[in-house]
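Each value in this text was obtained by applying a stated rule to the coordinates, not by laboratory testing. Predicted model, so just to flag it, every value in this text is computed and none were measured. When we count neighbours, we look across all protein chains shown, and the Cβ atoms used for this are built from the backbone with ideal geometry, even at glycine.
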Amino acid sequence: MRYVSTRGQTPPQSFEDVLLAGLAPDGGLFLPEMWPQLSAAEIASFANKPYAEAAFDILSRFTGDAFSKADLRADIEAAYATFETSDIAPLSEIAPNTYLLELFHGPTLAFKDVALQILGRLFARALAKRGGKATVVAATSGDTGSAAIAALGGLPNIEVFVMHPKGRVSEVQRRQMTTAPFANVHNIALEGSFDDAQAIVKSLFADEAFSKQTSLTAVNSINFARIAAQAVYYFTSTAKLGTAPTFVVPTGNFGDIFAAEAAQRMGLKTGKLVIATNQNDILFRTLESGVYASGEAHPTLSPSMDIQVASNFERALFEASNRDAGWIREAMAGFAKSRSLTLPPAVLSALRTRYSAHRSDDAATLEAIARIHRETGRLIDPHTAVAASAAPKSDGPVVILSTAHPAKFPDAVERATGKKPPLPPRLAGLYEGEERLDTLPNQLAIVRDYIVNRRPG
Ligand SMILES: *Cc1c(COP(=O)(O)O)cnc(C)c1O
């Protein structure tokens, strides 16, 4: 299995290269040259298999000969042994034909663990094989940071830099990152938005000298290995239901919902994929108007989705244009200049066939938390609530992705219901630990120097 870049100017790469590089050198995102195909019978068989087995079946089609089967299996099993439930992605019915797909039972209580617990282990293995050191730089809107730290903290030969937008993540999210006791982890509070942090990461990658010098790599959802690992729960949940569901996905960087497109392209039959956004509604506007235009990021109650420029949308555009890398190059260069991109009618219509979109403001988010609590007694987190409020009426099953544990966002949950979700035992001690972080201005050169100065050897 080889991987190509959405911008078409990187020679095909192996899985190992893609894993360790993150972003393609031409600025594009990697995708498999051809999507592996699963038969209906293979997909149906996931209904009765342990989750780790399904994950192995699917991931082994992407990893090629990068790892032995035994090593890959061992890494997946160890990754999921860190989860609190034996079913890694349980479905629970909250109303007739409406389900929550619970993805928050990992060490940091958000769905990012599902992929990053595997990624960290594969990373360590690939680095040990290749030799040398790697520098991971992650921009986080809140949850990728702690999940990356939980996956990579304390590993040899990896230095981890996590940049979050200062003051724009919840206190629980911040403390999960800053109280982690690992010498190889550096937290940066950037005086800017998530989009600013993501732009700095992209500029660091574009700086070839820096990128080579530091063996720079990314664990954001621009890393294809994350998409592959996230595709798994679309297969397992559909197999369990036995009929094609509509998936409603709380969306920021478009990684999670693109994993659903990946699953479809591998043979999974589903209903519509519903993009659920908060007030940062660039994707909702794009599907409505055909113009992808970024505005200012607004802080909301669902901070992990306070994103205006959705990196993974480039993957969807590449596919929707029948893999027209020349057009993607032009389109992305134009967007970088004018912050706006008008989609050709054929691309827009391909996107609308697969996706629909819904936007919920904070009031609708709080309403959804309150309603679900009233109707079911359950507390849901504000990201899940954005999806719950976008769930369409449907004759078939509707699956709402529940991406975080409510205890990560206690203030919003309490505002909506009057109930404060208790801190799970895993997070005990969160408020006692000493915080380690540095505040940096939103300036590329300063962030760059900070990283250079903190890299050992
Ligand atoms: C990251 C995140 C999202 C958004 O996922 P994308 O892949 O960025 O679209 C939604 N909910 C939670 C809780 C998250 O942490």
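The table below gives the values:
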quantity	calculated
Fraction of the pair-distance distribution of the stretch 418-457 above 11 Å, Cα-Cα pairs, percent	76 percent
Cα pair distances in the chain, grouped into 20 Å bins until the bin that holds the longest one, percent each	26, 63, 11, 0
Cα-based radius of gyration of the stretch 351-457 once divided by 2.2 N^0.38 Å, which approximates compact folds	1.52
Per DSSP, loop GluC sites (Glu not before Pro) in the stretch 235-309 with at most 15 further Cβ within 10 Å	Glu296
Lys pairs, the stretch 102-259 - Cα-Cα below 30 angstrom, 8 or more residues apart or on other chains	14
Antiparallel bridge percentage (DSSP; both residues within the chain; nearest 5)	25 percent
Estimated Rh, the stretch 137-239: Kirkwood, alpha-carbon pairs, angstrom	14.6 Å
Overall Cα dimensions of the stretch 284-356 - principal axes, largest extent first, Å	36, 28, 19
Computed over the stretch 111-175, Kirkwood Rh from alpha-carbon pairs, angstrom	12.3 Å
Value of Rg/Rh across the stretch 41-186 [Cα atoms, Kirkwood radius]	1.00
Neighbourhood charge, 12 Å Cβ-Cβ cut-off, centred on Asn453 and excluding it, Lys, Arg +1 and Asp, Glu -1	0
Dimensionless Rg ratio for the stretch 164-304, taking C-alpha atoms and the 2.2 N^0.38 Å reference	1.23
Estimated inter-spin distance, Ala428 and Ser394, nm [label 7 Å along Cα→Cβ]	4.0 nm
20 °C / 1.002 mPa s Stokes-Einstein diffusion coefficient of the stretch 1-114, Kirkwood radius on C-alpha pairs, µm²/s	132 µm²/s
Average Cα contact separation per residue, the stretch 208-332, under 8 Å, 6 or more apart, as relative contact order %	23 percent
Largest-first principal axis extents of the Cα set of the stretch 232-308 (Å)	41, 27, 15
Hits among aspartates and glutamates - C-alpha to C-alpha of Lys269 under 19 Å, sequence gap 8 or more where chains match	Glu42, Asp57, Asp256, Glu261, Glu319, Asp395
Stretch gain in nm, segment Gln9-Glu53, where the contour uses 0.36 nm per residue and the Cα spacing is subtracted	12.3 nm
Relative contact order computed over the chain (Cα-Cα under 8 Å; 6+ residues apart), in percent	19 percent
Of every Cα-Cα pair in the stretch 294-412, the percent that sits beyond 19 Å	58 percent
